[in-house]
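Shown next, in structure tokens, is the structure this report addresses.
The values are calculated or read from the model by the stated rules, or taken from the named source; none is laboratory data. Quantities reported herein were computed from a predicted structural model and do not represent experimental measurements. Don't worry about glycine lacking a Cβ; one is built from the backbone with ideal geometry, like all the others, and counts go over all protein chains shown.
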Amino acid sequence: MAEGSLATWCSSVPLFFIKEGAIPDSRGCSPSLTCLINNNNSILNNLAANSSQVNHGPKKPFSLIFQNVQCLTTALNKLNVLLSENDVDILTIAEHWKSADEISQWQIPGYKLVSQFCREEGRHGGTAIYCKKPVQSFERRDFVSLSVINVVECSAIQVNLKHSSIVILCIYRPNTKPLANVDIFIEKLNAILLKCSLEKTNFIIAGDFNVNVSEDCRDTREFLSTIEMFNVSLSFSCVTRPASGACLDNIITNMKGYNETLEFHISDHLALKFTLSEAIITKSPSKFSIRCINEQTVNDFLLNLSLVSWNDIYDMSGNVNAMWSCFSSRFKTVFVTSCPLRVVCNKPTMNIWKANPAIKDKKRILDNLLVISTARPEFKEIYNNFKKQYDHEISSAYKSHFGDYITNAPNKSKAVWRVLDSLMGKCREADLAIKTGNPLKLANNFNDFFIGNATHRVKFNNPSQSLNTSRSERLDKSFYFFEVTEAEVIAAVGSLKTSNSSGHDGIPISIVKKSTHIIGRPLAHIMNCAFNEGCFPDDLKIALVKPLFKKGDINEINNYRPISLLSSFAKVFEKILATRLLKFFIKFRVIAAEQHGFTKCKCTDTALFELLDAVIVALEKGEVPMALLFDLSKAFDSVLHSVLLEKLELCGIRDIALKFIESYLSNRRQRVVVTVDGTAHFSEERILSRGVPQGSVLGPLLFLIYINSLCSITPPVKCLPVLYADDSNFLVISDEVETCIQDGNAVISAVKGWCCDNHLTINEDKTQCLFFSSIRSKTNFPSSFDLNDGTNIAVTDSVNFLGIVLDGHLRWVPHVVRLRKRLNKVIYTFIMLKNRINLEVVHTLYYSNFQSLMVYGIIFWGNSPSANEIFLTQKKALRLLCGLGFRDSCRGIFRANNVQTLYGLYIFKLLLFVRQQKHYFEKYLNVNKTRQVFPFNLPVHSSAKFANGPLYMAMKLFNLLPQCMRVIEKTEVFKKCIYKFVLECEPYSLTEFLDYCKK
């Protein structure tokens, strides 16, 4: 029978109609298919195990034990003792040292042997999995087939529980050289984890991997990197082989559970026990109500809003609150009427049959072909070909659905994780993690905690009488309001980030943006009245707060932080005022030069550059640099309004402008909302007596003024303040360690005095100190040093400074280790999504989720030796996205996909930094404008640390650029030319680029 006619016949015949005599062969006869479904074919056995078994599940927590037995003959009796003391469901063993015939003779009472791997040649090795007899299970031969003798020896089963199934694998990797092929082992482990991830199944991988995770070496890093890439972790970090003091045995799982090691003297390895911490129950998606905002409802809203008259608002005078109440009530009425509520699930759902009905027909045909090909092997090829068509159809449907979802999402990163969660069978909960107690009382408790937290931290702060550091010179210029125009309102709304989140009024900024051409004039009128009266509308002072769980015990309120949602219209008011204030502050240089947060032409890169350049220069001179990183507890929430207003007056904000800001800060209210079982519960409103509003546009700028004078309080020592908003850091430089500690003491005392005067609190437990030195330095630094007031500051080996991990020798190893873990988690998303989204979206995900992490701060660590590990991780990601093999070269692939290598990004960002931050390099400019002269004179140096620093390396690379590129004046044109130039080189190292430029 031809392939097409057979498929047509299968599509018209239900599976249960296929019986004896129903399928004609090519000669017209009808073979007997009486026992078709009940044959011993492994495929049908697995289907039956998955679909027809009745399993009521265990009545106790599911548990597993792994033991390297080192010969089952001598270990059997002790294994029986182990199992009598520990009633577990699964026993996994390694190194049973038996052949397939031998191991079948060794039975364990109460357990059945479900899967085993035995060496056909040679001795030792092997793995086996025993399952308790009441537990339903079957062998997974697809996993067992991944085994390689003497490299990775694997046995695997699938256990069917009441609500789900678990894939369990037992792996043994020999460590006898030259058989210890780590690369092949990592490749096979990658394949196993990939298969588990694509199946969206729970899994437990127990084994003796012979990789000591407590040792820092290449094999360990590769092993851990592979595990991290799939967003899973190791269960054990303690010693599992006491004789060598190494952690060689472990359990890899994506499930939560309890771990313990057991010693029953079976071998020189400890037994590992893993017990699930909770029942495996698939939760239904959380449901909640949202406004129906789509093209049709938005058009209805705009039409209805255009019919509203605002004339009476223009006639009002002297009562800003009445004006705003009239405006907001009309706007909200139209919005609520036009965009009704609807109930949705908290994940991107997809019904594959509705998305593509043809898939359902193909599935029906495929079911019939499977039965036919099982009985008639000659139809196996037809089944395989049709299965490929079916797989391609499903992949295309998923790509179309999820690709559109991610592309249209305002927050692509969130959309990616929502899609990922849906593919993994997870659901992001809208509910609060705390489930116990009265929800309304819980909401009030959260509100009391969030409001009282800052007050409690600073209530013992009495202003110092001996220090008057909060005062500064009074600016003789004053800030004045001028008329707000409709165009200014439209521009301010357009500059705000588009979002569907909303404050207490339920109106998202996306709706405000769509309606600015209608409401721009009345909004401008209300703002002008508010500025003239010095009155901020009371309704815009209300914040809606949602508790967000951080880490730790979910039942502890201390482990939650507040997420404040303000009215979208409040942000419009704030945006206009903040833009005007910032221009005023920049014009008269009010904000300290050492402040890098929320200011024009400054960022975290400039803060890091100033700190690290000062460190490198100090080391070049043989000095001792020490960084003091202060942690200000709840700094934004602790701002005292009276002190802030006084500082604003000194900075030129006076009269009606100061009155308006005072109105903006006073009598602010907040209430907390908690969602339990899909229902929102609101706390009572509470007054905020201090702090700048979280989630606001104006708040960060006001905080900069509050903390501005901190930069000028340092005592007469060699000290460099580097601030980024509330991240307060000081670099102390001295000739000797003892002098450095004394100077540091003086700086800490001065900072404490300033904080006391300004009602802020230093968290001494989180305040850190880091000494910098060269690798060859033999200087002994203290582990901590005592302050004059009796407190103690810890001296650490590394600190987190603005998202970059700094170590004392600037080798960047701690930063690279942390970054690699984060990048591996992103690669995990690629694994889950690459076959379900379009290639264009995959590239978008690479740039937004992978490269954005990799490029951060790259101008500081990108040429370090440890950066090569990130480059290897980048190549893993590229191979995955482009469908390359595990060992395929990426040469040319970077260029073909318009992707810069890690070293290319380092060079590109460093050259761009030279163009954007010219003031750092002005003193090195070559004034001799003759041909063949480099634009920068490189400073004389004696250390490699200086030569590899961002200052020196930036000028060195810029000097090597072609003359036609160096003279480009427009930054955007320069950026495009440099990107193309570096991409063409596709550098695999810095040396490659240097050689490329010299050609």
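Output yes when any residue across the stretch 532-544 is among the small types (Gly, Ala, Ser), surrounded by fewer than 20 Cβ atoms within 10 Å (Cβ to Cβ), modelled with pLDDT of 90 or more and out of contact with any Asp or Glu (no Cβ under 9 Å at 6 or more places or on another chain), and no when none is.
Residues of the stretch 532-544 among the small types (Gly, Ala, Ser): 534, 543.
Among the residues that remain, those that are also surrounded by fewer than 20 Cβ atoms within 10 Å (Cβ to Cβ) are: 534.
From the residues that got through so far, the ones that are modelled with pLDDT of 90 or more too are 534.
With out of contact with any Asp or Glu (no Cβ under 9 Å at 6 or more places or on another chain) added as a condition, the list becomes none.
No; the residues of the stretch 532-544 include none that is among the small types (Gly, Ala, Ser), surrounded by fewer than 20 Cβ atoms within 10 Å (Cβ to Cβ), modelled with pLDDT of 90 or more and out of contact with any Asp or Glu (no Cβ under 9 Å at 6 or more places or on another chain).
Considering the conditions (1) surrounded by fewer than 14 Cβ atoms within 10 Å (Cβ to Cβ); (2) at pLDDT 90 or above; (3) of a type in the set (D, E, K, R), LYS909 is excluded by exactly one of them, (1).
In the stretch 699-741, which residue that is among the β-branched types (Val, Ile, Thr) and within 21 Å of VAL643 (Cβ to Cβ) is surrounded by the most Cβ atoms within 10 Å (Cβ to Cβ)? Only one residue fits best here, namely ILE707.
Check whether at least one residue in the stretch 784-803 is of a type in the set (D, E, K, R) and either in contact with a Ser or Thr (Cβ under 8 Å, 6 or more places away or on another chain) or modelled with pLDDT of 90 or more (or both), and report yes or no.
Of the residues in the stretch 784-803, the ones of a type in the set (D, E, K, R) are 786, 789, 797.
Narrowing further to those that are either in contact with a Ser or Thr (Cβ under 8 Å, 6 or more places away or on another chain) or modelled with pLDDT of 90 or more (or both): 789, 797.
Yes, the stretch 784-803 contains at least one residue that is of a type in the set (D, E, K, R) and either in contact with a Ser or Thr (Cβ under 8 Å, 6 or more places away or on another chain) or modelled with pLDDT of 90 or more (or both).
For ILE266, work out the one condition from (1) surrounded by 19 or more Cβ atoms within 10 Å (Cβ to Cβ); (2) assigned to a strand (DSSP E or B) it doesn't fulfil. Condition not satisfied by ILE266: (2). Within the stretch 804-817, residues that are in contact (Cβ under 8 Å) with a residue 12 or more places away in the chain sit with their Cβ atoms under 8 Å from residues that are part of a helix (DSSP H, G or I) and among the acidic types (Asp, Glu), at 6+ positions apart or across chains, in these pairs: VAL816/GLU869. For the stretch 920-940, filtered to residues that are touching a helix residue (DSSP H, G or I) at 6+ places or on another chain (Cβ under 8 Å) and modelled with pLDDT under 90, the residue that is surrounded by the fewest Cβ atoms within 10 Å (Cβ to Cβ) is PHE934.
With respect to ASN212, determine if the residue is surrounded by 18 or more Cβ atoms within 10 Å (Cβ to Cβ), touching a residue at least 60 places away in the same chain (Cβ under 8 Å), in a loop (DSSP other than H, G, I, E, B) and in contact with a helix residue (DSSP H, G or I) (Cβ under 9 Å, 6 or more places away or on another chain). Break it down stepwise before answering.
Details: surrounded by 18 or more Cβ atoms within 10 Å (Cβ to Cβ): yes; touching a residue at least 60 places away in the same chain (Cβ under 8 Å): no; in a loop (DSSP other than H, G, I, E, B): yes; in contact with a helix residue (DSSP H, G or I) (Cβ under 9 Å, 6 or more places away or on another chain): yes.
Judged against the criteria, ASN212 is not a match.
Every condition in (1) hydrophobic (A, V, I, L, M, F, W, C); (2) within 23 Å of ARG895 (Cβ to Cβ); (3) touching a helix residue (DSSP H, G or I) at 6+ places or on another chain (Cβ under 8 Å) holds for VAL973 except the one numbered (3).
Looking only at residues in the stretch 817-867 that are under 18 Å from the mean Cα position of the chain (by Cα) and charged (D, E, K, R), the one that is surrounded by the most Cβ atoms within 10 Å (Cβ to Cβ) is ARG820. In the stretch 594-604, the condition of being out of contact with any Cys (no Cβ under 8 Å at 6 or more places or on another chain), outside any helix (DSSP H, G or I) and of a type in the set (Asp, Glu) is met by no residue. A search for C-beta distances below 6 Å between a residue of the stretch 529-548 that is farther than 17 Å from SER501 by Cα and any residue that is outside any helix (DSSP H, G or I) and among the aromatic types (Phe, Trp, Tyr), counting only pairs 6+ apart in sequence or on different chains, returns PHE531/PHE481.
Of the residues making up the stretch 191-209, those that are part of a helix (DSSP H, G or I) and crowded, with 18+ Cβ neighbours inside 10 Å are ILE192, LEU193, CYS196, SER197.
Kindly indicate whether GLN900 is more than 30 Å from VAL967 (Cβ to Cβ) and crowded, with 22+ Cβ neighbours inside 10 Å. No; evaluated as a whole, the condition is false for this residue. Of the residues making up the stretch 567-585, none is buried (at least 18 other Cβ atoms within 10 Å of the Cβ), polar (S, T, N, Q), touching a residue at least 24 places away in the same chain (Cβ under 8 Å) and closer than 30 Å to HIS809 by Cα.
Okay, residues lined up against (1) in contact with a Ser or Thr (Cβ under 9 Å, 6 or more places away or on another chain); (2) small (Gly, Ala, Ser):
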residue	(1), (2)
THR844	yes, no
SER848	yes, yes
GLY857	yes, yes
SER866	no, yes
ILE870	no, no
LYS875	yes, no
LEU881	no, no
VAL899	no, no
TYR906	no, no
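Among the residues that make up the stretch 111-124, is at least one of them of a type in the set (Asp, Glu), farther than 26 Å from THR253 by Cα and assigned to a loop (DSSP other than H, G, I, E, B)?
Going through the stretch 111-124, the residues of a type in the set (Asp, Glu) turn out to be 120-121.
Then keep just the ones that are farther than 26 Å from THR253 by Cα; that gives 120-121.
With the extra rule that they be assigned to a loop (DSSP other than H, G, I, E, B), the set shrinks to 120-121.
Scanning the stretch 111-124 turns up at least one residue that is of a type in the set (Asp, Glu), farther than 26 Å from THR253 by Cα and assigned to a loop (DSSP other than H, G, I, E, B).
Taking into account only those residues within the stretch 637-674 that are assigned to a strand (DSSP E or B) and touching a Phe, Trp or Tyr at 6+ places or on another chain (Cβ under 7 Å), which is surrounded by the most Cβ atoms within 10 Å (Cβ to Cβ)? Talk me through it step by step, then tell me what you get.
Initial filter on the stretch 637-674 (assigned to a strand (DSSP E or B)): 668-674.
In the following step, the residues that additionally are touching a Phe, Trp or Tyr at 6+ places or on another chain (Cβ under 7 Å) were identified as 671-674.
Numbers: ARG671: 18, VAL672: 27, VAL673: 18, VAL674: 25.
Among them, the one singled out is VAL672.
When the stretch 644-688 is limited to residues that are modelled with pLDDT of 95 or more and aromatic (Phe, Trp, Tyr), the one that is farthest from ASN447 (Cα to Cα) turns out to be PHE660. Looking at ILE968, ILE978, just one residue is farther than 30 Å from PHE871 by Cα and of a type in the set (A, V, I, L, M, F, W, C), and that residue is ILE968.
Restricting to the stretch 138-148, what's the tally of residues that are touching a residue at least 40 places away in the same chain (Cβ under 8 Å) and in a strand (DSSP E or B)? Residues flagged as touching a residue at least 40 places away in the same chain (Cβ under 8 Å) and in a strand (DSSP E or B) within the stretch 138-148 amount to 2.
Answer yes or no: is there a residue in the stretch 763-781 that is surrounded by fewer than 14 Cβ atoms within 10 Å (Cβ to Cβ), assigned to a strand (DSSP E or B) and without any contact (Cβ under 8 Å) to a residue 24 or more places away in the chain. No, the stretch 763-781 has no match at all. When the stretch 649-666 is limited to residues that are in contact (Cβ under 8 Å) with a residue 60 or more places away in the chain and of a type in the set (Ser, Thr, Tyr), the one that is nearest to SER567 (Cα to Cα) turns out to be TYR664.
State whether one or more residues within the stretch 492-508 are more than 29 Å from ALA680 (Cβ to Cβ) and surrounded by 19 or more Cβ atoms within 10 Å (Cβ to Cβ). Before the answer, list the steps.
Just the residues of the stretch 492-508 that are more than 29 Å from ALA680 (Cβ to Cβ), to begin with: 492, 494-495.
From the residues that got through so far, the ones that are surrounded by 19 or more Cβ atoms within 10 Å (Cβ to Cβ) too are 492.
Looking through the stretch 492-508, at least one residue is more than 29 Å from ALA680 (Cβ to Cβ) and surrounded by 19 or more Cβ atoms within 10 Å (Cβ to Cβ).
Inside the stretch 894-919, residues that are part of a loop (DSSP other than H, G, I, E, B) and touching a Pro at 6+ places or on another chain (Cβ under 8 Å) make up a count of 1. Checking each residue in the stretch 149-175 for being assigned to a strand (DSSP E or B), under 11 Å from GLY125 (Cβ atoms) and not hydrophobic (A, V, I, L, M, F, W, C) picks out GLU153, TYR172.
If I ask for residues that are hydroxyl-bearing (Ser, Thr, Tyr) and surrounded by 15 or more Cβ atoms within 10 Å (Cβ to Cβ), which ones from the stretch 944-988 would you list? Correct list: TYR952, TYR979, TYR988.
Per-residue answers, yes or no, for (1) within 44 Å of the chain's Cα centre (by Cα); (2) surrounded by 14 or more Cβ atoms within 10 Å (Cβ to Cβ); (3) at pLDDT 75 or above:
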residue: ASN68; (1), (2), (3): yes, yes, yes
residue: ALA75; (1), (2), (3): no, yes, yes
residue: ASP89; (1), (2), (3): yes, yes, yes
residue: THR92; (1), (2), (3): yes, yes, yes
residue: GLN105; (1), (2), (3): no, no, no
